[in-house]
Amino acid sequence: MTDCIFCKIVSGDIPAEKIFENDHVIGFRDLNPQAPTHVLVIPKKHISTINDIKDEDKALVGEMFLAAQQIAADVGLSGRGYRTVMNCNEEAGQTVFHIHLHLLGGRAMTWPPG
Ligand code: AMP
């Protein structure tokens with residue numbers, strides 16, 4: 001997708017502080033962090049929202065969580081705990097329409113979310 005900001009991060013056309021990459025997903029620091037650690041894990045393949053995930057993407061979505069697990073371990077959050085969030089469409093607060101898993105940690109979280 002030529003007009004997708006996260007596709008441009010995948011292609012390297014816009015910079016990001018990448019901390020994880022494999023053949024299918026990348027992880028990079030959020031530009032506007034909401035916690036001491038705030039990383040976005042995205043598939044290299046463009047998928048607009050959770051509603052657009054297809055049967056063929058099952059392994060890819062699993063890879064997003066495995067990447068989050070690895071990043072959490074790398075930054076020392078596995079034992080302390082962390083939160084993963086994926087927003088879908090307007091009322092959930094999705095602003096970038098290329099699915100992304102927020103990995104948040106490094107402070108105590110509250111529930112329910114706002
Ligand atoms: P969401 O509101 O769930 O769609 O989350 C989008 C997230 O992307 C927000 O937390 C933004 O701060 C973040 N974001 C937007 N543009 C960039 C960028 N170029 N690099 C890193 N994070 C970004």
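Values quoted throughout were computed directly from the atomic coordinates according to the rules given, and no laboratory measurement underlies them. Keep in mind that this is a model prediction, so the values were computed, not measured. A quick note on method: Cβ atoms are made from the backbone with ideal geometry, for glycine too, and the neighbour counts reach across all protein chains shown.
Observations, loosely collected:
- Helical runs (DSSP H, four residues minimum) scored at -39500 (n - 2.57) apiece and divided by the length of the chain put the mean residue ellipticity at 222 nm at -6500 deg cm²/dmol.
- Relative contact order of the chain: 30 percent, from C-alpha pairs under 8 Å at least 6 residues apart in sequence.
- For the range 1-52, applying the loop criterion from DSSP together with a ceiling of 15 other beta carbons within 10 Å to the trypsin sites (Lys or Arg not before Pro) yields 45.
- The chain - convex hull of alpha carbons, volume per residue in Å³: 111 Å³
- Projecting the Cα positions of 35, 12, 99 onto the charge dipole of the chain (unit charges on Cβ atoms of Lys, Arg, Asp and Glu, taken about the Cα centre) puts 35 furthest along the positive direction.
- Using the Cβ-Cβ distance between residue 85 and residue 20 with R0 set to 22 Å, the FRET efficiency from 1/(1 + (r/R0)^6) comes to roughly 0.80.
- Cut-off 11 Å between beta-carbons: net charge of the residues surrounding residue 7, Lys and Arg +1, Asp and Glu -1: +1
- Highest-first arrangement of 71-82, 53-64, where packing means the average Cβ count within 10 Å: 71-82, 53-64
- Between residue 61 and residue 13, the C-beta separation translates, for a Förster distance of 25 Å, into a calculated FRET efficiency of about 0.50.
- Note on the range 5-105: with charges restricted to the Cβ of Lys and Arg (+1) and Asp and Glu (-1), its dipole about the Cα centre is near 240 debye.
- Helix 58-74 and the longest principal axis of the C-alpha atoms of the chain enclose an angle of approximately 40°.
- Spin-label proximity, residue 45 to the range 77-100 - amide N less than 13 Å from point 7 Å beyond Cα toward beta carbon: 99
- Spin-label proximity, residue 52 to the range 78-114 - amide N less than 12 Å from point 7 Å beyond Cα toward beta carbon: 89, 96-100
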